[in-house]
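A.B. asks: Before we start, here is the structure in question, set down as structure tokens.
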Amino acid sequence: MGQAEIPQELAGALRSAHAVAALTGSGVSAESGVPTFRDAQTGLWERFDPQELATPEAFSRDPKLVWEWYSWRRGLVARAEPNPAHRTLAELERRVPRFTLITQNVDGLHRRAGSENVIELHGNILRTVCSAERIPREPGEGSPPRCPHCGAPLRPDVVWFGEALPPGALEEASEAARGCELFLCVGTSGLVYPAAGLPREASEAGALLVEINPERTPLTPLADFVLCGRAGEVLPALFTAAFPGG
């Protein structure tokens, strides 16, 4: 997508906005080579259903299996690099007086790209917590390692199926959605709640809703602007249209 394809009305709205929120999903990470959660498993893990590994019940039943699966996924994340979409969102934070980045991704790539005001709705795969105390711990030896304080197994600091979001995260994200003038919905299917409700909250509060995605989603009919394409191409084009001086 070239700069000329960005509606001037949208470019002007972004340029003048004082409060912007963005919600990112797995499509943004996929452009950095991080497999989406629903992608087929590979190698040793191809016979496992990820939705049957990412649960508290699976961890209770076989903590070694779940820990080793997440170790494999952490390796994939460690090899990934932020892409132009990540970097453009970080640059937007520097240009917009009040910018909030809400992500469903657990790979930490937004922070590595330079974003600071980030709400990680589903946690961060690179952090480790005690499964009993939910306090951050440095992992030692073992599969899984044990908490040095209470002896409980450590686990990745991510939200599993059936678990609540991190305390305060959804409330903070909802506040940002309701208080923004422009809401960017980038690379997300619009299917996973409660995150998928945030664009609707923003729209109902009067924000301009912008969807950036290669395909239509349940949010497409609600959007004021639909920019069809890869986030790593569309976001830089939008930024250049809004801030032509660089």
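A.B. asks: Examine segment 155-167 for a residue that is more than 19 Å from Val28 (Cβ to Cβ), modelled with pLDDT of 95 or more and in a helix (DSSP H, G or I), and state whether such a residue exists.
C.D. replies: no
A.B. asks: I'm trying to understand the selection: among the residues of segment 8-38, which are assigned to a helix (DSSP H, G or I) and either polar (S, T, N, Q) or within 25 Å of Arg112 (Cβ to Cβ) (or both)?
C.D. replies: Of segment 8-38, the ones assigned to a helix (DSSP H, G or I) are 8-16, 26-30.
Selection gives Gln8, Leu14, Ser16, Ser26, Gly27, Val28, Ser29, Ala30.
A.B. asks: While we're on this one: Under 7 Å between Cβ atoms, at least 6 apart or on separate chains: pull out the pairs that start in segment 224-236 with a residue that is within 21 Å of Arg87 (Cβ to Cβ) and touching a residue at least 12 places away in the same chain (Cβ under 8 Å) and end on any residue that is of a type in the set (Gly, Ala, Ser) and assigned to a helix (DSSP H, G or I).
C.D. replies: Ala231/Gly27; Ala231/Ala85; Gly232/Ala85; Leu235/Ala85
A.B. asks: Can you tell me which of Ala177, Ala196 is assigned to a helix (DSSP H, G or I), in contact with a Pro (Cβ under 9 Å, 6 or more places away or on another chain), under 19 Å from Leu209 (Cβ atoms) and free of Cβ contacts under 8 Å to residues at least 24 places away in the same chain? I'd like the intermediate steps shown before the answer.
C.D. replies: Details: Ala177 fails: free of Cβ contacts under 8 Å to residues at least 24 places away in the same chain.
On inspection, the qualifying residue turns out to be Ala196.
A.B. asks: Condition check: of a type in the set (A, V, I, L, M, F, W, C), farther than 24 Å from Leu126 by Cα and in contact with a Phe, Trp or Tyr (Cβ under 8 Å, 6 or more places away or on another chain). Does Ala176 satisfy that?
C.D. replies: On the way: of a type in the set (A, V, I, L, M, F, W, C): yes; farther than 24 Å from Leu126 by Cα: yes; in contact with a Phe, Trp or Tyr (Cβ under 8 Å, 6 or more places away or on another chain): no.
Taking the combined requirement at face value, the residue does not satisfy it.
A.B. asks: Would you say Cys185 is of a type outside the set (S, T, N, Q), in a loop (DSSP other than H, G, I, E, B) and within 23 Å of Ala113 (Cα to Cα)?
C.D. replies: Numbers: of a type outside the set (S, T, N, Q): yes; in a loop (DSSP other than H, G, I, E, B): no; within 23 Å of Ala113 (Cα to Cα): yes.
No.
A.B. asks: Would you check which residues across segment 128-140 are within 16 Å of Val159 (Cβ to Cβ) and surrounded by fewer than 16 Cβ atoms within 10 Å (Cβ to Cβ) and list them?
C.D. replies: Answer for segment 128-140, where residues must be within 16 Å of Val159 (Cβ to Cβ) and surrounded by fewer than 16 Cβ atoms within 10 Å (Cβ to Cβ): Arg134, Pro136.
A.B. asks: Could you tell me how many of the residues in segment 46-103 are over 21 Å from Gly140 (Cα atoms) and in a loop (DSSP other than H, G, I, E, B)?
C.D. replies: Qualifying residue count for the region: 12.
A.B. asks: Tell me, which residue of segment 122-173 that is in contact with a Lys or Arg (Cβ under 9 Å, 6 or more places away or on another chain) and among the β-branched types (Val, Ile, Thr) is farthest from Arg73 (Cα to Cα)?
C.D. replies: Out of the qualifying residues, it is Val129.
A.B. asks: Among what's in segment 178-217 and is more than 15 Å from the chain's Cα centre (by Cα) and among the hydrophobic types (A, V, I, L, M, F, W, C), pick the residue that is farthest from Pro7 (Cα to Cα).
C.D. replies: Ala205
The values are calculated or read from the model by the stated rules, or taken from the named source; none is laboratory data. Just so we're clear, the structure is a prediction, and the values are computed from it rather than from any experiment. Quick reminder, even Gly has a Cβ in these numbers, built from the backbone with ideal geometry, and neighbours come from all protein chains shown.
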